[in-house]
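The values are calculated or read from the model by the stated rules, or taken from the named source; none is laboratory data. Bear in mind that the values here come from a model prediction, so they are computed numbers and not experimental data. Note that each Cβ is placed from the backbone with ideal geometry, even for glycine, and that neighbours are counted across all protein chains shown. We work out accessible area using only protein heavy atoms, side chains counted, and drop any ligands, DNA or RNA first. Shrake-Rupley method; radii C 1.70, N 1.55, O 1.52, S 1.80 Å.
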Amino acid sequence: MTDRRQPQRTMLKRAIVCSSGLLLISAFGFVRAFAAESRELVTLINQYRSASQTCAGRRTEPLEPLAVEPRLERVQLAAGFRLHDAVKKAGYQAGRVQAIVLSGPANAASAMALLRERYCEALSSPQFAEVGISRDANSWRLVFAQPLLSPELGDWADAGKHVLALVNEARRAPRTCGERHFGAAQPVAWNTKLGATALAHSRDMANRNYFQHTGKDGGSVRDRARAQGYAGRRLGENIATGQGSPRQVVSGWLSSPSHCANIMEAAFTEMGAAYFVNPRSDTTVYWTQVFGTRTR
């Protein structure tokens, strides 16, 4: 009798194991799909920010991309819990923060449509530099933030050379920027005149409270570089505002196809970068990165 039942128990046990395995694989598949949809939503948000928009009856200026911050993805939004406390519990120090919860969208495109309709002011705010997005079925949680300035930021030249190291780290490996694929590139070198060019524009944006490649005097990056005595053949410029550290600002640039393309451009051989702080401005800290190609 025992011999006849044993195979049944064994078959049942195997069936349970196989069923559990299918459940685990299925759950893992959902997690991967949700993560991909979250990344797509970040891309859609940054595309929205990169162009002038009409929001609440006013025309907005193009903005820098938001960098993805994993700690913001881990923020638990519970009833009765202060947002700043929840963000701090996740290990993030925020200067400004806003959370949005969407219920219903089945995919990133639907979530973006709802954000454009109801939350365009958050999408087009220059006061945010980073974002974290998490998803549970058709519930989406977005946390927009501007970090506090890092206490290890150092002076502008120290921060600029940290940006240089992170840029060269990115250039060591192939990378896709939007729809363009770039191979690994040679490292760029620090150039003092390009550093001074970057500082001049960061200072001007911070003190005159604007965010544009074209200066208030109508000058371009080439005009600013010439004013510093730079005679390189080719120039490129990235700007950003609100990021509290070199790693955050480079992460944001790499999230944007056009900024990423400047970082990965093999023709550039040198660069300078700098930040400037003005607490009375809209976004406190402004960054500029200038690439050049030395003359031969």
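Tabulated data
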quantity: Where the chain is the region considered: accessible area per residue in Å², 1.4 Å probe; calculated: 53
quantity: Relative contact order %, the chain, counting alpha carbon pairs below 8 Å whose residues are six or more apart; calculated: 19
quantity: DSSP bridge pairs, segment 51-147: antiparallel proportion in percent, nearest 5; calculated: 90
quantity: Hull volume in cubic angstrom per residue (convex hull over the Cα atoms of the chain); calculated: 184
quantity: Computed E for Ser52/Thr176 - FRET, C-beta separation, R0 35 angstrom, nearest 0.05; calculated: 0.85
quantity: Overall dimensions of segment 91-210 by Cα: Rg and Dmax, Å; calculated: 18.8, 52
quantity: 19 Å reach of a label modelled at Ala267, 7 Å along Cα-to-Cβ, counting backbone N of segment 217-235; calculated: 220-226, 230-235
quantity: Helix axis angle, 108-118 relative to the chain longest principal axis, alpha carbon, degrees; calculated: 60
quantity: Highest-first arrangement of 104-117, 39-52, where packing means the average Cβ count within 10 Å; calculated: 39-52, 104-117
quantity: Where only alpha carbons of segment 159-278 are counted, the Rg and the Dmax (Å); calculated: 13.8, 38
quantity: For segment 63-131 and segment 165-244, distance of Cα centres in Å; calculated: 28
quantity: When segment 185-227 is reduced to its Cα atoms, the Kirkwood hydrodynamic radius in Å; calculated: 11.2
quantity: Nearest 10 degrees, 0 to 90: helix 156-171 Cα axis against the chain principal axis; calculated: 50
quantity: Burial order of peptide ranges 237-243, 255-261, 165-171 (average beta-carbon count within 10 Å, highest first); calculated: 237-243, 255-261, 165-171
quantity: Added length on full extension, which subtracts the Cα-Cα distance from 0.36 nm per residue, Ala113 to Ala189; calculated: 23.1 nm
quantity: Cα-centred dipole magnitude for segment 82-207, charges only on beta-carbon of K, R (+1) and D, E (-1), debye, nearest 20; calculated: 180
